[in-house]
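In what follows, a single structure is set out as C-alpha cells and then discussed.
Taken together, the values in this text are just the output of simple stated rules run on the coordinates, not laboratory data. Remember, it's a predicted structure, so these values are computed and weren't measured experimentally. Every residue, glycine among them, receives a Cβ derived from its backbone with ideal geometry; neighbour counts consider all protein chains shown.
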Amino acid sequence: MVAIVDVPSDQAYGMSDQFRVGKEHAEDVKKIIDLLDQKLPRPIFFVGTSRGTISVAHLGAALKDQRLGGIILTSSMGASRGAGWSLFNLPLENIALPVLFVHHREDGCWASRFNDALQLQSRMSGSPRTQFIEVLGGDPPRSEPCEAMSAH
C-alpha cells in the first residue's frame, strides 16, 4: 500500500522550504505515521522528488522513529536560489536510516544536478547503508528541464 502526503490544509499556497525543514512539518508527518501504523505493515519509507527531497531528508534526520525503514531521494535538490534550501543546507549526517538515491544522469534541472547528488550521498555518514542508482536513457524531454516530462 502507498500513502501520498500532499500540502497541509494550513499551507494553502504550498510548502515553503522554511516549512519543510521546520518542527511543524515534522509534527504533522509524525501524526501521519501514527495513523498509518494502525493500517499498514512496517517499515514505512519516505520518498521525495525534487523539492520533496528537502522534506524527506529533513524528516529522516529529525524523526527518530523505529517504524521508519529508510528514505528514497529522487532528483535531489542540490542547489537553491535566494533564501531557498537545498540538501546541502541540511544535517545529512544525522540521518540514521538507509538512503537510496535515484538520479538521471541527464537531469537538466539547475537545482538537481547529477554531480551534486553524488556529493550528497557522500555526506550521509550516519546512514547504515546508502545506494545510488544512476538512470540512463529514456524518451526525449517533453517539458522544461525541472518539470515532470523531462529527465528530472
Item to complete: Rank 111, 135, 63 by how far each Cα sits towards the positive end of the charge dipole of the chain (+1 on Lys, Arg Cβ; -1 on Asp, Glu Cβ) and give me just the farthest.
Response: 63
Fill in: Two-site FRET efficiency, residue 136 against residue 88, from Cβ-Cβ distance with R₀ of 25 Å, rounded to 0.05
0.50
Item to complete: Calculate, in nm to one decimal, what residue 12 and residue 148 gain on full extension: separation in residues at 0.36 nm each, minus their alpha carbon distance.
Response: 46.8 nm
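Which order do 15, 124, 149, 77 fall in if you start with the one that has the fewest other Cβ atoms within 10 Å? Could you put the intermediate results ahead of the total?
Values: 15 18, 124 24, 149 11, 77 29.
In increasing order of surrounding Cβ atoms, one gets 149, 15, 124, 77.
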Worksheet item: Taking only C-alpha pairs under 8 Å that are 6+ residues apart, what is the relative contact order of segment 32-152 in percent?
Response: 22 percent
Worksheet item: For a paramagnetic label modelled at 7 Å from the Cα of residue 24 toward its Cβ, which residues of segment 52-92 fall within the zone defined by backbone nitrogen distances under 20 Å?
Response: 52-60, 62-63, 83-86
Worksheet item: Taking all pairs of different Cα atoms in segment 70-120, averaging 1/r and flipping that mean, what Kirkwood radius in angstroms comes out?
Response: 11.4 Å
Worksheet item: For segment 7-15, in order, what is each residue's ³J(HN,Hα) by Karplus, 6.51 cos²θ - 1.76 cosθ + 1.60 with θ = phi - 60°, in whole Hz (x at glycine and Pro)?
Response: 5, x, 4, 8, 10, 4, 9, x, 8
Discussion item. Between residue 65 and residue 45, what is the label-point separation in nm under the 7 Å Cα-to-beta-carbon projection?
Written reply: 1.7 nm
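Grab the eigenvalues of the alpha-carbon gyration tensor for segment 111-150, scale each by 5, take roots, and send me the semi-axes largest first in whole angstrom. Numbers along the way, then the final one.
Details: eigenvalues 140, 26, 12 Å².
Here the semi-axes work out to 26, 11, 8 Å.
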Practice prompt. Starting from the amide H of residue 135, placed 1.01 Å from N in the peptide plane, find each other amide H under 5 Å away whose residue is 5 or more places distant or on another chain.
Written response: 103, 104, 105
Fill in: Estimated translational D of the chain in µm²/s (Stokes, Kirkwood radius over Cα pairs; 37 °C; 0.692 mPa s)
206 µm²/s
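Rounded to two decimals, what is the ratio between the C-alpha radius of gyration of segment 34-98 and 2.2 N^0.38 Å? Walk me through the numbers before you get to the answer.
Working: Rg = 12.7 Å, N = 65, 2.2 N^0.38 = 10.7 Å.
For segment 34-98, the normalised Cα radius of gyration comes out at 1.18.
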Item to complete: Using amide H atoms built 1.01 Å from N in the peptide plane, name the residues 5+ places from residue 126, or on other chains, whose amide H lies under 5 Å from its own.
Response: 95
Worksheet item: Sequence-distant or interchain residues sharing an amide H contact under 5 Å with residue 76, placed H: which?
Response: 50
Discussion item. If the only charges are +1 at each Lys and Arg Cβ and -1 at each Asp and Glu Cβ, what is the size of the charge dipole of segment 98-152 around the Cα centre, to the nearest 20 debye?
Written reply: 280 debye
Worksheet entry | Burial ranking of peptide ranges 100-112, 31-43 (average Cβ count within 10 Å, highest at the top) | 100-112, 31-43
